[in-house]
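Heads up, the thing below is written out as structure tokens.
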Amino acid sequence: MTHDHTTDHAAASPAPRQTTAYLKDLFKQVGFTIDARRGQNFLVDLNLVDLLVRSAVIDPADVVLEVGTGTGVVTERTSAVASRVIAAEIDQRLAQLARERLVERDNVVLVEGDALESKHRFAPGLLDALDAALAASPRGRLLLVSNLPYCVATPVISNLLARPRPFDVAVVTVQREMAERMTAIAGTSSYNALSVWVGAQCRGEIIRVLPPSVFWPRPKVDSAIVRLDLEPERRAAIGDLGRFHTFVREVFCHRRKVLRGILLRMAGGKKTDAAHATVERAYTTLDLPANIRAEDIPPDDFVRLAKAFFGDA
């Protein structure tokens, strides 16, 4: 697919409606069988497909990233509005179906293969396509708009927030439990390292909880559409993103233990004077209660805690 923008994206011919019956018939025709390991649950409630895309409020200059393109039903809608869409699909068979659906969409680049090179790194080919799209549309925002496969949802969100150029807005379907973690506040049962990493950079909102019945095949758990809005000033306050991410994950390995003991171990051990001095500095800077636990510290205070711990405050 090319980048000739003389074509009106919205004028392309409408593709068939993605319903359960349509998918079953299509897959039967091409001999496609569901690969459960890849989280292939297709959103078949078309009102919710529209809600997913509408909630992103896409502008004509924006670049959309989609991970888990499937048959291209979401891609079809985003490419009717956005400047460019970079879509990734790991399954060669689905990628071919998406190409056929999107044949008239000249502003879509379909990257075939795993979006992730590893748990902590995107595939270079996907990043190259994304960087090229952003360079070609410099006034546009980067939007993540996807029905994310459960198995890659956390690394996709986390890794994008670790990039020098993160998303400006993410509107995604994810497992309900993950949506609750990304939007959780300190002191609640869902609050964890992901809550801090996302919450220190974004404002989050669960737009709609989705029952299994709106997907085919039906997953065993509820899902949710969640929207994340990057807040650049809060992100900038973090400073060293990689160091902060590692710090948060390490602290939350022992989330229910008293924070002081965790920090002492991280600083070199309870027997060293330097470790005690480091921890006292952090506690004094934030005026923390002696018995506070990691799960009780809000994201912005975690940013301050990391800076105090490393001597930046």
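Assorted remarks:
- Residue, nearest to the chain's Cα centre (by Cα), within the range 197-216, restricted to residues that are surrounded by 14 or more Cβ atoms within 10 Å (Cβ to Cβ) and either part of a loop (DSSP other than H, G, I, E, B) or among the basic types (Lys, Arg) (or both): Gln201
- Pairs are defined by a Cβ separation below 7 Å, a sequence spacing of at least 6 or placement on different chains, a first member in the range 281-298 that is within 16 Å of Lys257 (Cα to Cα), and a second member that is surrounded by 11 or more Cβ atoms within 10 Å (Cβ to Cβ) and small (Gly, Ala, Ser); the pairs so defined are Glu295/Ala186; Glu295/Gly187; Asp296/Ala186; Asp296/Gly187; Ile297/Ala186.
- Residues of the range 6-54 classified as surrounded by fewer than 14 Cβ atoms within 10 Å (Cβ to Cβ), of a type outside the set (A, V, I, L, M, F, W, C), over 23 Å from Thr173 (Cα atoms) and at pLDDT below 75, total: 5
- Asp114, sole failed condition from (1) more than 13 Å from the chain's Cα centre (by Cα); (2) closer than 27 Å to Gln96 by Cβ; (3) surrounded by 20 or more Cβ atoms within 10 Å (Cβ to Cβ): (3)
- Considering each residue of the range 299-313 in turn, none proves to be under 25 Å from the mean Cα position of the chain (by Cα), in a loop (DSSP other than H, G, I, E, B) and in the same structural domain as Arg243 (by TED's automatic domain parsing).
- Condition check for Arg249: under 24 Å from Arg293 (Cβ atoms) and either in a strand (DSSP E or B) or modelled with pLDDT of 95 or more (or both): yes
- In the range 99-166, counting only strands (runs of 3 or more DSSP E) that sit wholly within it, the ones holding 3 or more residues that are in contact with a helix residue (DSSP H, G or I) (Cβ under 8 Å, 6 or more places away or on another chain) span 108-112, 142-147.
- Which listed residue, of Asp45, Asp91, is touching an Asp or Glu at 6+ places or on another chain (Cβ under 8 Å), closer than 28 Å to Asp222 by Cα, touching a residue at least 40 places away in the same chain (Cβ under 8 Å) and of a type outside the set (A, V, I, L, M, F, W, C): Asp91
- Flag if Ala133 is touching a strand residue (DSSP E or B) at 6+ places or on another chain (Cβ under 6 Å), within 25 Å of Leu241 (Cβ to Cβ) and surrounded by fewer than 18 Cβ atoms within 10 Å (Cβ to Cβ): no
Residue-by-condition table, conditions (1) in the same structural domain as Ile185 (by TED's automatic domain parsing); (2) under 30 Å from Val44 (Cβ atoms):
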| position | (1), (2) |
| --- | --- |
| Ala200 | yes, no |
| Lys220 | yes, yes |
| Phe247 | no, no |
| Val251 | no, no |
| Arg256 | no, no |
| Ala274 | no, no |
| Leu286 | no, no |
| Ala290 | no, no |
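The values are calculated or read from the model by the stated rules, or taken from the named source; none is laboratory data. This is a predicted model, so every value here is computed, not measured. Quick reminder, even Gly has a Cβ in these numbers, built from the backbone with ideal geometry, and neighbours come from all protein chains shown.
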